[in-house]
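Participant: This is the structure I want to talk about, given as structure tokens.
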Amino acid sequence: MNEKNPLAGFRGRLSHFADQMHDRWLNTPGWQRWIVYAALIVGALLLPSESIGAFMSPDTDWASILFFPIGTFVLLAIGLNVVVGQAGLLDLGFVAFYAVGGYSMALLGTRMGWDFWLIMVVGIGICALSGITLGAPTLRLRGDYLAIVTLGFGEIIRITARNTDEIGGPNGIRGIPHPPSIEGIMIGDVEIFKYGVLDPRPYYYLLVALAVVVIILVKRWEKSRVGRAWAAIREDEDAAEVMGVPTFRFKMLAFAIGASIGGAMGVLWAAKSISINPNDFQFLLSATILAAVVMGGAGNLPGVMLGAFLVAWLPERFRGLQEYRMLIFGAVLVALMIFRPEGLLPSRQRKAELKEGSGGMGTLGAEVPGPQSHGEEVASK
């Protein structure tokens, strides 16, 4: 008598429900989708409310947490998802581009007196160039070899900043200017364009605006020829190259776009923080953002954003438990990977890749069957 594996059965029901919701969303008229998008943006703008913060973060300042780590992690996860989730390139040094953007803001703002908006444009360009510089000699590598090289790149950037006195050395750079303020424009009790030290909410609103622009661009790329090329590379790079896809060029583009998004967030974060130093850009941040991408559902933008939100919020929500909060956080991550190994909100394509054993990250682990397919195989016996 064959007994169905309860864990596989639960995964199957959860996956079936997610597929039903996905189909319903695809059949939703365009005007209804725009209503949902507008409602989500309004909801994001209302998040700094103290009534929400009383539950979400009772032991810390909720508005500050919304900017960093929550908002910062979400935007960095979107950038890393372009590289890992869409193009299937395992990048363990993504924090390097965040650092390059932060130092661009610090150096150009303090020593050359440039305006924040000009630095934002230049910083994005510098980070895109950094992504190309890293990608040119390394993107012919695959899987764990590429991961090791990108890990080394992230550490090179941090150690170079620490040992270079011309850019502050281990002490970093202080006195970074804020974005230019426009006074008198109020929403409730907040001057939304007055950027100072005490109120983090204007920076959060600016981050929301940046995130909306980035999401629109990323979704456009995903649905274009570029996105289809990334998907082909992620599933089987050799087959994609045989079919005429210029894989090296599209992998370079993925690195440049991901680096640009990370750099933009670095510029904004440095303008809010006033001072930066090399210890702000540890490898642990890259690992945390990668965990958010995988946990949320690599390749699926809403899932990645949800994963980043949870990874940033959960430790802050349980801060009152002191050292036990990290134990709870780790237990939640383990439980999610057991019950939902493909991520909280994976795309159907990502689930199919996991089932076939490719894992959706290039050749890394491509020979090992995905955990869901293994569970289904056990259940069928």
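The values are calculated or read from the model by the stated rules, or taken from the named source; none is laboratory data. Given the structure is predicted, the values throughout are model-derived calculations rather than measurements. Neighbour counts are summed over all protein chains in view; Cβ atoms, including those assigned to glycine, are modelled from backbone coordinates with ideal geometry. Note: accessible area is taken over every heavy atom of the protein model, side chains too, but ligands, DNA and RNA are not part of it. Shrake-Rupley method; radii C 1.70, N 1.55, O 1.52, S 1.80 Å.
Participant: Starting from the range 198-296, pick out the trypsin sites (Lys or Arg not before Pro) whose DSSP state is loop and whose Cβ has at most 11 other Cβ atoms within 10 Å. Before the final figure, lay out the partial values.
Facilitator: Details: sites: Lys219, Arg220, Lys223, Arg225, Arg228, Arg234, Arg249, Lys251, Lys272; in loops: Lys223.
Within the range 198-296, the qualifying trypsin sites (Lys or Arg not before Pro) (loop, at most 11 other Cβ atoms within 10 Å) are Lys223.
Participant: To continue, here is another question. Quick one: if the Förster radius is 51 Å, what FRET efficiency do Arg13 and Ser181 give, using the C-beta to C-beta distance and rounding to 0.05? Walk me through the intermediate numbers first.
Facilitator: Details: r = 52 Å, r/R0 = 1.02.
The pair Arg13/Ser181 has a calculated efficiency of 0.45.
Participant: Another one. For Glu323 and Val213, compute 0.36 nm times the residue count separating them, minus their Cα-Cα distance, and round to one decimal in nm. Write out the running numbers ahead of the final one.
Facilitator: Working: separation 110, 0.36 × 110 = 39.60 nm, distance 3.76 nm.
Length difference between fully extended and current span is 35.8 nm.
Participant: What's the FRET efficiency of Leu141 with Asp61 using the Cβ-Cβ distance as r and R₀ = 51 Å, to the nearest 0.05? Can you show the working numbers first?
Facilitator: Numbers: r = 43 Å, r/R0 = 0.85.
Once rounded, the FRET efficiency stands at 0.75.
Participant: Just the number, please: carbon plus sulfur as a percent of the accessible area of the range 61-282, 1.4 Å probe, no ligands or DNA/RNA counted. Write out the running numbers ahead of the final one.
Facilitator: Values: 5830 of 9280 Å².
Answer for the range 61-282: carbon and sulfur cover 63 percent of the accessible area.
Participant: What is the distance in Å between the Cα centroid of the range 29-81 and that of the range 123-140?
Facilitator: Answer, in whole Å: 30.
Participant: Just to confirm the number: angle between the C-alpha axis of helix 247-273 and the first principal axis of the chain, 0 to 90 degrees, nearest 10?
Facilitator: Between the helix axis and the principal axis of the chain, the angle is about 40 degrees.
Participant: Show me the trypsin sites (Lys or Arg not before Pro) within the range 94-150 that DSSP assigns to loop and that have at most 14 other Cβ atoms within 10 Å of their Cβ. Display every interim value, and only then the final one.
Facilitator: Details: sites: Arg111, Arg140, Arg142; in loops: Arg140, Arg142.
Listed in order of number, the matching sites are Arg140.
Participant: Using only the alpha carbon atoms of the chain, find the Kirkwood hydrodynamic radius as the inverse mean reciprocal pair distance, in angstroms to one decimal. Each step should come with its number before you reach the end.
Facilitator: Details: mean 1/r = 0.0458 Å⁻¹.
Evaluated on the chain, it is 21.8 Å.
Participant: Right, another one. Using a 1.4 Å probe, what is the accessible area per residue for the chain, in Å²? Intermediate values should be presented prior to the final figure.
Facilitator: Values: 18500 Å² over 381 residues.
On a per-residue basis, 49 Å².
Participant: Continuing with the same structure: For Lys272, give me every one of the aspartates and glutamates with a C-alpha distance below 19 angstrom, ignoring sequence neighbours fewer than eight places off in its own chain.
Facilitator: Filter leaves Asp61, Asp115, Glu183, Glu191, Asp199, Asp280.
Participant: Take the chain, mark every one of the GluC sites (Glu not before Pro) that falls in a DSSP loop and has at most 16 other Cβ within 10 Å, then report the longest stretch left between them, sites excluded. Walk me through the numbers before you get to the answer.
Facilitator: Values: sites that count: Glu3, Glu183, Glu323, Glu367.
Longest site-free region, per DSSP loop and neighbour criteria: 4-182.
Participant: Oh, and also: Going by alpha carbons, how many degrees (0 to 90, nearest 10) lie between the helix axis of 324-339 and the longest principal axis of the chain?
Facilitator: Helix 324-339 sits at roughly 40 degrees to that axis.
Participant: Between Met337 and Arg220, what length in nm is gained on full extension when 0.36 nm per residue of separation is reduced by their alpha carbon distance? If you can, show how the numbers build up before the last one.
Facilitator: Working: separation 117, 0.36 × 117 = 42.12 nm, distance 2.97 nm.
Gain on extension, Met337 to Arg220, equals 39.1 nm.
Participant: Okay, moving on. Compute the angle between helix 225-235 and the longest alpha-carbon principal axis of the chain, please, reported from 0 to 90 degrees and rounded to the nearest 10.
Facilitator: Helix 225-235 sits at roughly 60 degrees to that axis.
Participant: I would also like to ask the following. Put a dot 7 Å past each Cα toward the Cβ at Val122 and Asn279; how far apart are the dots in nm?
Facilitator: It works out to 2.9 nm between the two label points.
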